[in-house]
Amino acid sequence: MVAFHHLTVDADAGAAHVIAAGDGRPVVLLHGLGGLAEEIMAPLTELSATHRVLAVDRPGYGGSSPQPPDRMAPDAQAAWLAQVIDALDADRPVIVAHSFATAIALHYALACPDRVAGLVLLGPFCRPTPPEARPLLRMASMRRLGRPLRWALPQVAPLIAGPMLTATFAPDDVPAHMHRLPFATVAQPGAVLAMAAELLGFNDAMERAADRLHEIACPIVVIGGDGDRIAPFADHGEWLRERLPDCTMVRFRETGHMIHHVRPSAVAHAVDRVLRADRRVGDLHALRRGFATWTRALRPSGRRRDRTSESRPRSEPGAFDSNPPPPSRIART
């Protein structure tokens with residue numbers, strides 16, 4: 001039987017709620033728009049047999065503190081995630097991200113290349129979308145009109161959960177465990193505001209990242225279904241393929257958006273594949289460093305060293321500090 005621990009991580013950006021299980025190499029799970037840590041953890045608990053699995057409530061969702069609307073774009077949430085991962089002392093995790101969270105994972109890999117083992121992107125939602133998408137959520141972000149809407153949604157969420165789940169999972173059947181999800185918590189006012197705010201900042205962040213995605217060097221596996229009606233894989237998956245030509249693409253027929261619920265074994269295989277590739281890259285890098293040390297030892301002692309070998313690359317603007325502060329306190333419940 002899997003033992004779950006609910007953790008509260010104190011970071012500069014406020015509290016983050018995390019569900020933890022297992023030991024081993026860390027695997028961080030990031031839920032999508034309108035999700036919860038419980039939702040993404042439920043079908044992937046088998047990972048905890050060999051890994052330390054950490055399912056995170058993103059800002060404003062579940063038990064995590066909300067962030068200001070201007071700090072909800074994918075790049076800002078990646079900075080928040082870096083603090084949480086540091087506080088959890090999760091060294092170079094594999095990040096498994098679903099839907100909207102795939103954009104956050106990509107920004108994290110760009111900003112923290114030495115602090116990630118690889119990415120597994122599920123049902124990716126990462127291509128800039130027309131601004132008229134999700135009009136109800138966009139209305140929820142309005143100051144006057146949005147307030148009653150944010151209050152009303154948690155009241156009606158349990159009543160409309162069935163049809164919403166059917167639409168989200170289509171063409172797949174809805175698993176029984178999903179009907180036990182706390183829908184009032186999923187649609188709590190802070191979560192509704194978070195959904196609206198992160199959509200508003202999405203396009204600008206992904207347009208800025210589009211021309212840099214090729215810089216991501218860690219192993220990446222992208223998994224999607226050709227029946228996805230939420231984030232069509234023909235749009236978002238192919239957009240990623242053009243910018244990440246070395247990634248591994250896995251596409252299932254007649255499978256929808258909630259890929260981790262209907263193909264959990266594929267996710268587990270992807271995590272293992274990423275870790276194997278990460279080990280190979282690490283071995284090659286160690287070989288390169290050993291060769292460099294050997295060639296330096298052969299140089300005549302009086303030879304003037306190339307000045308360019310002494311220079312350090314400058315950090316990209318907005319890059320996170322590669323020497324983060326000590327982990328923040330973790331409260332365990």
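Worth pointing out:
- For 125, 252, 4, the sequence from fewest to most other C-beta atoms within 10 Å is 4, 252, 125.
- Percent of C-alpha pairs per 5 Å bin, the stretch 1-131, short to long: 2, 11, 23, 27, 22, 10, 3, 1, 0, 0
- Sorting 51, 257 from the fewest to the most surrounding beta carbons within 10 angstrom yields 51, 257.
- In the stretch 165-230, the trypsin sites (Lys or Arg not before Pro) that fall in loop regions by DSSP, at most 14 other Cβ within 10 Å: 212, 229
- Going from the fewest other Cβ atoms within 10 Å to the most, the residues 215, 198 appear in the order 215, 198.
Throughout, read-outs are computed from the coordinates displayed, never taken from laboratory work. All figures in this text were calculated on a predicted structure; none of them were measured in a lab. Quick reminder, even Gly has a Cβ in these numbers, built from the backbone with ideal geometry, and neighbours come from all protein chains shown.
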